[in-house]
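Colleague: Got a structure for you, questions after.
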Amino acid sequence: MIEVEQIGEVRKFRLARTISGRGLYFTAAYWVDGLMVDTGCAYTVHELLESLDDLPVRCIVNTHSHEDHIAGNAALQAKFGADVLAHPEALPILTQPRKRRLRPYQLVMWGYPEPSDGTAIGDFVQTERHRFEVMLTPGHSSDHICLYEPKEGWLFTGDVYVGGRDRALRLDYNVWQIIDSLKDLASLDVKILFPGSGTTRVSPRNELLLKIKYLEETGQQVLALHRQGWSRRRIRRRLFGGEMPIAYYTLGHFSGRNLVRSYIEDRPV
């Protein structure tokens, strides 16, 4: 399934594998001035290629190496000869995607990407008309980056920003790094935020600040209860209630327990 929307100069592709006519989990790719930001999952490569027929792709930037953001790389390289740029830590996964074992839910929703060749990204990405600043934004993954175009006020955030109030976290995320990365983003003059979910936001600073406030206040509550000797399960039930459905279909890979764990174990010394 693919949904295409033009937002000024930026073309947004919202992509998901379809089962029984429904998109399982949407992720987004963006095109602007010959640059692709992320390329979706293995199940949506054909649709993305068809939708790009009238657009040149000279360069691809992967915000991080998760399977739902890199799977179109190989096909776009073959069709357009596009260069792929990513954080140095992401490059081994691009070359050998099966080095990272996918869990059953990841196989169902996204699948394994085909291998692609990448180069370590620098401090800037230059297109014909735009210059994008590269920002290191770990937390969602250690190899996560964002792209900021200060003249236009565009910010491409991958998965570092997710709206709403988190009640669950993936096992390998670091909530304190996410908070620090969000603070870096909130310091920018952003007119439009282009996230990995595809739900774009105009003048998003207040939303970023509210997200930071929620995550920090939640962390303070977790740590206060932890100091009182509460178990992690009890903390989770007190602050977040029962586990969300995502905890069950990911077999605990994404859960409230992991959010509590990260607040306690990943806290900066």
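Colleague: Take the alpha carbon atoms of segment 114-183, find their center, do the same for segment 80-103, and report the distance between the two centers in whole angstrom.
Modeller: 16
Colleague: Helix 175-186 against the longest principal axis of the chain: what's the angle in degrees, Cα atoms only, rounded to the nearest 10?
Modeller: 50
Colleague: Under 13 Å from the Cα of Lys183, which aspartates and glutamates turn up, not counting those fewer than eight places away in the same chain?
Modeller: Glu207, Glu216
Colleague: Using the Cα centre of the chain as origin and beta-carbon charges of +1 (Lys, Arg) and -1 (Asp, Glu), tell me which of Tyr30, Ile60, Ser203 is placed farthest towards the positive end of the dipole.
Modeller: Result: Ser203, furthest along the dipole toward the positive end.
Colleague: Size of the dipole of segment 110-269 about the Cα centre, Lys and Arg at +1 and Asp and Glu at -1 on the beta carbon, nothing else charged, in debye to 20?
Modeller: 1160
Colleague: Could you check the spin-label model distance between Tyr25 and Leu223? Points 7 Å from the Cα along Cα→Cβ, value in nm.
Modeller: The answer from the label model is 3.0 nm.
Colleague: Place a point 7 Å from Cα of Glu9 in the direction of its Cβ. Which residues in segment 17-32 have their backbone N less than 18 Å from it?
Modeller: 30-32
Colleague: Still on this structure: Pull up the cross-link candidates among the aspartates and glutamates for Lys211, meaning alpha carbon to alpha carbon under 16 Å and not fewer than 8 places away within one chain.
Modeller: Here the aspartates and glutamates satisfying the reach criterion relative to Lys211 are Asp159, Asp166, Asp180, Asp184.
Colleague: Going by average Cβ density within 10 Å per residue, which order do the peptides 80-91, 36-47 take, highest to lowest?
Modeller: 36-47, 80-91
Colleague: With 10 angstrom as the radius, rank Trp31, Trp176, Trp110 by how many other C-beta atoms surround their C-beta, starting from the fewest.
Modeller: Ordered from fewest to most neighbouring Cβ atoms within 10 Å, Trp31, Trp176, Trp110 come out as Trp176, Trp31, Trp110.
Colleague: Among the lysines, select those whose C-alpha is under 18 Å from the C-alpha of Lys151, and discard any that sit fewer than 8 residues away in the same chain.
Modeller: Lys191
Colleague: Sorted by average packing, counted as other Cβ atoms within 10 angstrom per residue and highest first, what order do 139-152, 114-127, 58-71 take?
Modeller: Put in order of decreasing packing, that is 58-71, 139-152, 114-127.
Colleague: Where does the chain land at 222 nm, in deg cm²/dmol rounded to the nearest 500, when only DSSP H runs of n ≥ 4 count, each adding -39500 (n - 2.57), divided by all residues?
Modeller: Result for the chain, helices only: -9500 deg cm²/dmol.
Colleague: Mind listing the long-range amide H neighbours of Val84? Cut-off is under 5 Å, sequence gap 5 or more, other chains count too, H placed in the peptide plane at 1.01 Å from N.
Modeller: Amide H to amide H, under 5 Å and 5 or more residues apart or across chains, Val84 pairs with Ile60, Thr119.
Bear in mind that the values in this text are calculations on the coordinates, not laboratory data. As the structure is a computational prediction, the values presented were derived from the model and not from experiment. Virtual Cβ from ideal backbone geometry, glycine too; neighbours counted across all protein chains shown.
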